[in-house]
Each structure stands twice: as C-alpha cells, then as structure tokens.
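Everything below concerns the one structure shown next.
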C-alpha cells in the first residue's frame, strides 16, 4: 500500500464481478476514498461486486488471490452459491458482505480493513467460508430412494456402469442423476458430493 496525505494508505484494488454499474461507481469514487483500480497482480485487495458469488467466480478470485502480492478479498453480493447471504462473513483476509449493507464509504473502509490483513493467503480462507456455507445450505428437497442409493454407491467407489447396473438404468441416466445432485448441492465433483452427503448425514 502506498502512503498519501500523512498516514492515510491508498489501497490498490482490482474489481471482479458482473455488476458493472456498482463496480464503476466504486472505481470513480476511488480518489476521494483513497483507493484506486489496478490490475489483480498489483492489487492489495480484490473486490467482487455481484448478484451471486458462483463457484466459477470464487475459483477466479482464489486464483487471483494467489498472486505474489497476496491480495485480500472483499465480496459484495446478494447470494453465495445461490443461497441468500444474510450477514457479513469473515475469515482472515476475506469478507463476504450482503449488498443491502454495502455503501461506497463502507466498501472503502472494508477494503482498508481486509488489505491490512493480507499477510495470510486469501484462497484458503475463501474456500473455508464457501465450504461452511455449502454445509449449512438448506436442501431444496430431500433425497429420494434412488438418489440415496446412488450416493451410497458413489461412496463405495462404484463407477457409472456399476451404478447403472445396480439401479437398472442407463449410463446416461446415472450421469444425469449425478449432475442433478452436483448442481443441487453446489458440489464440484463426485467426491465432493459424497463428502457433503456424509457431513450432512444424508447417507
């Protein structure tokens, strides 16, 4: 961070996200609030302003946070992985803030706060917060008998063909069922959905 006007630091940040108007407003206010837009590899903090923090955006943020400068991460969003963000969440140099609580001055203050914590790598903290949210995620609906059997077979290490034989269906149907479960529980792969099912006592 560069120092200007006495001891007031300038936080250099990079903007991620799909809410262009809000992001541009924050960038435009940068000089007044003493932070400036910059490239991710030169940033003290990464700011994501979005309607939903998706797995893809989280992956991109974690990758950018792994740069040599080790920037902090501030996310302003309505939902995380499709679930409402009801309160601010923090872990090390990472903050997730509900959009309804965010003001330009508040974002500036939070950027300064997270940038001051940026000694720790943000990627692991971001993944920890997302994992906690996935575990607490309210299930859209319960598992039916077939889905429960599918998860048990996955936990036993069965491949698609073996599962199809056991469930008396096609390989395509097994893949569709797995894809549905991955989307429903925001899981990255088969191992992740099994881990989630075990933690949530679904199987």
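General remarks:
- Among the candidates 121, 98, the residue that is within 25 Å of residue 11 (Cα to Cα), outside the structural domain of residue 191 (by TED's automatic domain parsing) and modelled with pLDDT of 85 or more is uniquely 98.
- Looking only at the stretch 70-92, and only at residues there that are without any contact (Cβ under 8 Å) to a residue 40 or more places away in the chain and assigned to a loop (DSSP other than H, G, I, E, B), the one that is farthest from residue 13 (Cα to Cα): 86
- Members of the stretch 108-119 that are in contact (Cβ under 8 Å) with a residue 40 or more places away in the chain and within 18 Å of the chain's Cα centre (by Cα): 111, 114, 118
The values are calculated or read from the model by the stated rules, or taken from the named source; none is laboratory data. Every value quoted in this text rests on a predicted model; they were computed, and no experiment measured them. Positions of Cβ are backbone-derived with ideal geometry, glycine not excepted, and every protein chain shown enters the neighbour counts.
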